Structures are given as structure tokens and as C-alpha cells.
Amino acid sequence: NSLTGLDSSIEMIKICKTIGIEENKLELINSNFLDYETNKNFDCAIAVGFLEYQSNDNDFLKKLSNILSKDGYLIVTLRNEDCMERKYWNFLKKFGIKIDKSSASYRSHNIPKFIDSLENYNLSLEKIKFCHFYPFFWPISIFTKKIDIIFGHLMERFFSNRYSVKLASTAV
């Protein structure tokens, strides 16, 4: 197998080069996916932490549908806009309280709408898993960090295979 890795950060490319993968099996390219030009077809594309920083999904899905092989797979992470904690964060923002755990500005997704949009690009959902469960909301979570991890993992084991739109902050 051969791998092609894209990252818009040259620092991330440098870090990746230090992990010891044979260079003849891994091509690292300093580029944003949307700017990447290729004639290759790929059996699998993995987009982790990418779509939430794009202004829309259409450009990504259109480009992906052109380079993904007919029976290829897409593995993507999406921040779930229906997560109860994310809704709570948005509620607090209305009062000027910003407690979002991310310092960057990102976009959340309506997971059912994203799934519905896949067929516009000849893609379909095979499997979905939910992850990143928050058992206790802020400010309680300030005091319950260790137990949050334990309960979060338990929730993930129980709910990740179900369509847990309200509980999980991320879908894969």
C-alpha cells in the first residue's frame, strides 16, 4: 500500500516525517485538500479535523467524489451541532460567556443533513459512530475532570453505535 498525506501546516509534515514510515510508502504534501491537484484515484480518504474549518462541505465532497475510487471509503469527523453541551455553549454565548473548549473558530454540522447530502456526490453512509461524550457540563466539569473521562468512555461504549445525536459532540 502507498499513502499520500496532505497537511496545510509544514510543521505537521515535519512531525509526520519523524515517525519512521518508509518514505517509498508515504508521500507527504504540504497542501490544503481543496488546492491539491492529482490524477490519482484513492481507495480511502480520511479527513479528521478538516470539514469544520471549511466554509461549506460542497467543495470537499465534489472534489472527493472525483478522486475516490468507485468502491472507496471516506472516513470523516464532524462536530455535532445537536450535541446538548454544544447547545448549552451557544446558549451561554448569548450572555457573553464563552466556555467552548476550542480556541479556534469552527463550524458544527447537522449530521442527518450531511448524510443526506452524500447522495448528491454518489456517496453513501456505510457506518456511523459517535464519540466525545460530555457527562457533566461546565461549570461542574471543572471539578469532575477525572470522572468525566471515565463516564465519557462508558457513554461512548454504550451509545457510540446508536444514533446518539443529542449526547455526542463528534460523529465519525
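Listed by position, the helices (runs of 4 or more DSSP H) inside segment 64-159 whose residues that are in contact with a Lys or Arg (Cβ under 8 Å, 6 or more places away or on another chain) number at least 3 are 84-93.
Tell me which residues, restricted to segment 36-58, are closer than 20 Å to residue 9 by Cα, among the acidic types (Asp, Glu) and open to solvent by 60 Å² or more (accessible area, probe 1.4 Å). Walk me through how you get there before you give the answer.
So in segment 36-58, the residues closer than 20 Å to residue 9 by Cα come out as 36-38, 45-55.
Filter once more, keeping what is among the acidic types (Asp, Glu): 37, 52.
Of everything in segment 36-58, just one residue is closer than 20 Å to residue 9 by Cα, among the acidic types (Asp, Glu) and open to solvent by 60 Å² or more (accessible area, probe 1.4 Å), namely 37.
Within segment 22-37, residues that are under 25 Å from residue 52 (Cβ atoms) have Cβ atoms under 6 Å from residues that are assigned to a strand (DSSP E or B) and open to solvent by less than 40 Å² (accessible area, probe 1.4 Å) in these pairs: 28/5, counting only partners at least 6 apart in sequence or on another chain.
Per the conditions (1) under 19 Å from the mean Cα position of the chain (by Cα); (2) modelled with pLDDT of 90 or more, the sole criterion not satisfied by residue 36 is (1). Screening 68, 34 for residues that are in contact with a strand residue (DSSP E or B) (Cβ under 8 Å, 6 or more places away or on another chain), of a type in the set (A, V, I, L, M) and more than 21 Å from residue 112 (Cβ to Cβ) leaves exactly one candidate, 68. Quick check, is residue 5 within 24 Å of residue 171 (Cβ to Cβ) and surrounded by 13 or more Cβ atoms within 10 Å (Cβ to Cβ)? Yes; evaluated as a whole, the condition is true for this residue. Restricting the first member to segment 145-156 and to residues that are within 17 Å of residue 130 (Cα to Cα), and the second to residues that are of a type outside the set (A, V, I, L, M) and assigned to a helix (DSSP H, G or I), the beta-carbon pairs closer than 9 Å and six or more apart or on different chains are 148/141.
If you go through segment 117-161 and keep only what is open to solvent by 80 Å² or more (accessible area, probe 1.4 Å) and under 25 Å from residue 61 (Cα atoms), you end up with 119, 120, 122, 124, 125, 126, 127, 132, 161.
Test residue 99 against the stated conditions and say whether it is surrounded by fewer than 17 Cβ atoms within 10 Å (Cβ to Cβ) and over 26 Å from residue 4 (Cα atoms). Don't jump to the end; show me each part of the working.
Numbers: surrounded by fewer than 17 Cβ atoms within 10 Å (Cβ to Cβ): yes; over 26 Å from residue 4 (Cα atoms): yes.
So residue 99 passes the test.
Any residue that is under 14 Å from the mean Cα position of the chain (by Cα), of a type in the set (A, V, I, L, M), part of a loop (DSSP other than H, G, I, E, B) and at pLDDT 90 or above - is there at least one of those in segment 39-58? Checked segment 39-58: at least one residue is under 14 Å from the mean Cα position of the chain (by Cα), of a type in the set (A, V, I, L, M), part of a loop (DSSP other than H, G, I, E, B) and at pLDDT 90 or above. For segment 79-90, the criterion of being touching a strand residue (DSSP E or B) at 6+ places or on another chain (Cβ under 7 Å) and open to solvent by 30 Å² or more (accessible area, probe 1.4 Å) is met by at least one residue.
The values are calculated or read from the model by the stated rules, or taken from the named source; none is laboratory data. Since we're looking at a predicted model, the values are computed, not measured. Ideal geometry is used to build each Cβ from the backbone, glycine not excepted, and the neighbour counts take in all protein chains shown. SASA here: full protein model, heavy atoms, side chains in, ligands and nucleic acids out. Shrake-Rupley method; radii C 1.70, N 1.55, O 1.52, S 1.80 Å.
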